[in-house]
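Structure record follows, encoded as structure tokens.
The values are calculated or read from the model by the stated rules, or taken from the named source; none is laboratory data. All figures in this text were calculated on a predicted structure; none of them were measured in a lab. Here Cβ is always computed from backbone atoms with ideal geometry, including for glycine, and neighbour counts include all displayed protein chains. Heavy atoms of the whole protein, side chains included, go into the accessibility calculation; ligands, DNA and RNA do not. Shrake-Rupley method; radii C 1.70, N 1.55, O 1.52, S 1.80 Å.
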Amino acid sequence: MRRGNVWLWTAALAVYAFLYLPLAVVVIFSFNDSLLNAAWVGFTTRWYTTLFEDADMLRAGGNSLFIAFSAAGVATVLGTMAGIALQRWQSGVLRCLPFLVLTPVAMPEILLGVSLLLFFRQVLDLTLGLVSILIAHITFSIGFVAIVVRVRLAGLDASLFEAARDLGAGPWQTFRRVTLPLILPGVLAGFLMSFTLSIDDFVITVFVAGVGVTTLPLQIYSMIKVAVSPEVNAVSTLLMALTLTLIAAASKLAPDALKAKP
Amino acid sequence: MALLEIRRISRQFGDTKAVDDVSLSIEAGEFFTLVGPSGCGKTTLLRLIAGFEEPDAGELLLDGRPLTGIPPEKRPVHTVFQSYALFPHMSVAQNIAFPLQMAGTASDEVRRRVDEALELVHLAEKTRHFPHELSGGQRQRVALARALVNKPRLLLLDEPMAALDAKLRQQITGELIALQRAVGITFVFVTHSQEEALAVSHRIAVMNAGRIEQVGVPDQIYGYPQNRFVADFIGTVNLLPVEVRAADQGGLRMFAAGLGEIAGAPATATAVGQRGVLALRPEQVRVLAGSERQEMDNHFRGTVHDYLYLGDVTVYKIALDNGSVIESLLANSLPGRARFLERGDAVEVGWQREAGVYLRD
Ligand SMILES: Nc1ncnc2c1ncn2[C@@H]1O[C@H](COP(=O)(O)OP(=O)(O)OP(=O)(O)O)[C@@H](O)[C@H]1O
Ligand SMILES: [Mg+2]
């Protein structure tokens, strides 16, 4: 028993170290007063100052935030509708629909990237840029929102919605006064998840970004092709902090939704 | 004119005929109860009235106007759901205000009516509470108040007491009757408890497999069941297989194999030679003491097979000479058992000719 515990603890520590040591290194070196990621010299915040003076970085950051907000917004609206539809139509032919909305969630990113690129270029003849990135991000986020919303709905008593109708609320009022308030945690969690997915996305964005527009992950990648500068550490640290905050918020809002399988 | 007229409606799910050619007419101010075993279509019938289902055939008329195609929110019909379906994100007052707001009632009027409704169900001090902070009984009363607050023409209650314990059920049964009397709204109440049905209703409809077996006032349903299903479902009944020997104004003469002749009350649509059962309630069957024998139209010998002491009454199971076991119920009007009979005692049982109901096969 005792012995088993020791082993368990060791294993757990190893896993956590494996997961978080690289991240910790990035964070630590973002405050290191040296151009080289080699030895600790002293504490500084100047890499963060540099970061906020770097026009390319700021533009990429601005793009990323804009895309993340818009994509998450649109994906939340569409995903919520999809989630409600999935919960409502569970019989007959429509039963395969959940699978269809969820495919982008499970599909390898590279596949999605390639197919979106082909679609934008060959089918739509769209100039790659902000719009194409936006559409791509919306595409892969909808499924996540739909899952979270559907799980939330499945946990609610279906007679609540009938009660609303029964008591005189039309379909729209039922949605606004009863359905939406009750699924709101799921909707917000879906929004936060979409936001995180969008702001972190690299693979799909590379395919559909074209030449003119760059996002934060693309910018970071292009910078480390030269060398891992402390500025990259700084921007990565900020990105990490944002992502972790959003994930924590999302899991607080809809704890079951994030755990449950579609 | 009846408030609600149900004309030959049917609703089928796949192969299941949930509601099968049902016709009913429910009067204004009535406390009408639907009773029947699980899966007989009670909920489906309520859902058809509320508008959550559309009939495959037949039609519904409320105040003479057809309800076909009118969505639930436009019907002056409210439902108390089995789960109560209180909105968890709204306080008690907000829940009750909901139907008023949906109807576009002015806000000070809403406040007044909500207070009135809370008063009616004795929950005035729980206004600000949320549904999860209430007991089962309190939730049920909020659901009632919410469904009644804007005075629907018809209130549907789908087993509103299924989630409550026996003691509370009894108390709430009483409150429900008083409430219905106070508000004067027509209630259509669903239960699968026959005691509850007998206690609360003006009229009862007994349902089985999607069909209505019998409609009537409680004592009619209990006293004069029209068929074996109703006799058996409502209360306890002894069923003695018999054959009709003679039928005239004076009454029925029946023959039970191994027992002999039985005299019965006049019955309609019977013919000599017809087979059926004699339905006798346990309280109609007397275990006879010496002198009572002469007063009984029918009396037979038997032995005490078993008995069940229930406090207020004792149920004796008497094995008759032909092997059939008949139940007799004796009130314990003095402390202890009314008749100190033991298993194996030879006894005589009897009943008056008016007691039983003959039901043909
Ligand atoms: N939406 C549905 N889809 C398929 N079958 C249904 C549906 N609703 C009801 N049924 C079937 O119709 C029949 C009647 O159901 P209903 O719920 O009306 O019974 P009930 O009398 O209310 O039973 P209980 O006392 O158990 O509530 C059942 O056999 C049920 O399985
Ligand atoms: Mg039911």
Residues to consider are B:E5, B:E53, B:E27; find the one that is charged (D, E, K, R) and within 16 Å of ligand 2 (Cβ to nearest atom). B:E53
Within region B:83-103, considering residues that are within 16 Å of ligand 2 (Cβ to nearest atom) and within 7 Å of chain A (Cβ to nearest Cβ), the one modelled with the highest pLDDT: B:A85
A:F207 vs. criteria in contact (Cβ under 8 Å) with a residue 40 or more places away in the chain, more than 14 Å from chain B (Cβ to nearest Cβ), open to solvent by 50 Å² or more (accessible area, probe 1.4 Å) and assigned to a helix (DSSP H, G or I): yes
Filter pass, B:V19 being within 14 Å of chain A (Cβ to nearest Cβ) and either at pLDDT 95 or above or within 17 Å of B:L144 (Cα to Cα) (or both): no
Single condition B:P72 does not satisfy, out of (1) in contact with a strand residue (DSSP E or B) (Cβ under 7 Å, 6 or more places away or on another chain); (2) open to solvent by less than 30 Å² (accessible area, probe 1.4 Å): (1)
Criterion: within 16 Å of ligand 2 (Cβ to nearest atom) and in the same structural domain as B:V190 (by TED's automatic domain parsing) - qualifying residue of B:R11, B:R65: B:R11
Condition broken by B:D108, with the remaining ones in (1) of a type outside the set (S, T, Y); (2) loosely packed, with under 14 Cβ neighbours inside 10 Å; (3) touching a residue at least 12 places away in the same chain (Cβ under 8 Å) satisfied: (3)
Here is a list: A:T174, A:T215. Which entry is open to solvent by less than 30 Å² (accessible area, probe 1.4 Å), within 14 Å of another protein chain (Cβ to nearest Cβ) and of a type in the set (S, T, Y)? A:T174
Kindly evaluate A:A136 against the criterion of being without any contact (Cβ under 8 Å) to a residue 40 or more places away in the chain and either within 14 Å of chain B (Cβ to nearest Cβ) or under 20 Å from the mean Cα position of the chain (by Cα) (or both). no
Whether any residue in region B:118-133 is hydroxyl-bearing (S, T, Y) and more than 10 Å from every other protein chain (Cβ to nearest Cβ) is what I want to check. yes
Going residue by residue through region B:36-49, is there one that turns out to be of a type in the set (S, T, Y), touching a residue at least 60 places away in the same chain (Cβ under 8 Å), more than 16 Å from ligand 2 (Cβ to nearest atom) and open to solvent by 50 Å² or more (accessible area, probe 1.4 Å)? no
Checking the conditions here, which among A:L156, A:L184 is open to solvent by less than 50 Å² (accessible area, probe 1.4 Å), over 22 Å from A:S115 (Cβ atoms) and within 14 Å of chain B (Cβ to nearest Cβ)? A:L156
Requiring at least 2 residues that are open to solvent by less than 40 Å² (accessible area, probe 1.4 Å) and farther than 24 Å from B:V349 by Cα, the strands (runs of 3 or more DSSP E) wholly within region B:200-280 are B:203-208, B:211-216
Matching residues in region B:20-49 - criterion: being more than 9 Å from ligand 1 (Cβ to nearest atom), part of a loop (DSSP other than H, G, I, E, B) and not hydrophobic (A, V, I, L, M, F, W, C): B:E27, B:G29, B:E30
Taking region B:136-178, which residues are under 21 Å from B:Q194 (Cα atoms), open to solvent by 50 Å² or more (accessible area, probe 1.4 Å) and not aliphatic (A, V, I, L, M)? B:D165, B:K167, B:R169, B:Q170, B:Q171, B:E175
Going by what's in this entry, would A:F144 be described as open to solvent by 80 Å² or more (accessible area, probe 1.4 Å), in a helix (DSSP H, G or I) and aromatic (F, W, Y)? no
Only one of (1) within 16 Å of ligand 1 (Cβ to nearest atom); (2) under 26 Å from B:Q140 (Cα atoms); (3) among the hydroxyl-bearing types (S, T, Y) fails for B:S10. Which number is that? (2)
For region B:175-213, name all the residues that are within 16 Å of ligand 1 (Cβ to nearest atom) and either without any contact (Cβ under 8 Å) to a residue 24 or more places away in the chain or of a type outside the set (A, V, I, L, M, F, W, C) (or both). B:T191, B:H192, B:S193, B:Q194, B:E195, B:E196, B:N208, B:G210, B:R211, B:E213
Take B:L60 and decide whether it is more than 8 Å from ligand 1 (Cβ to nearest atom) and buried (at least 22 other Cβ atoms within 10 Å of the Cβ). yes
Which ones in region B:104-117 are more than 14 Å from every other protein chain (Cβ to nearest Cβ) and within 32 Å of the chain's Cα centre (by Cα)? B:E116
Return a yes/no flag: does region B:80-101 have any residue that is of a type in the set (S, T, N, Q) and free of Cβ contacts under 8 Å to residues at least 24 places away in the same chain. yes
Given the conditions (1) within 16 Å of ligand 1 (Cβ to nearest atom); (2) facing chain A (nearest Cβ under 10 Å); (3) open to solvent by 10 Å² or more (accessible area, probe 1.4 Å); (4) in contact with a Pro (Cβ under 7 Å, 6 or more places away or on another chain), and given that B:V80 satisfies all but one, which numbered condition is not satisfied? (3)
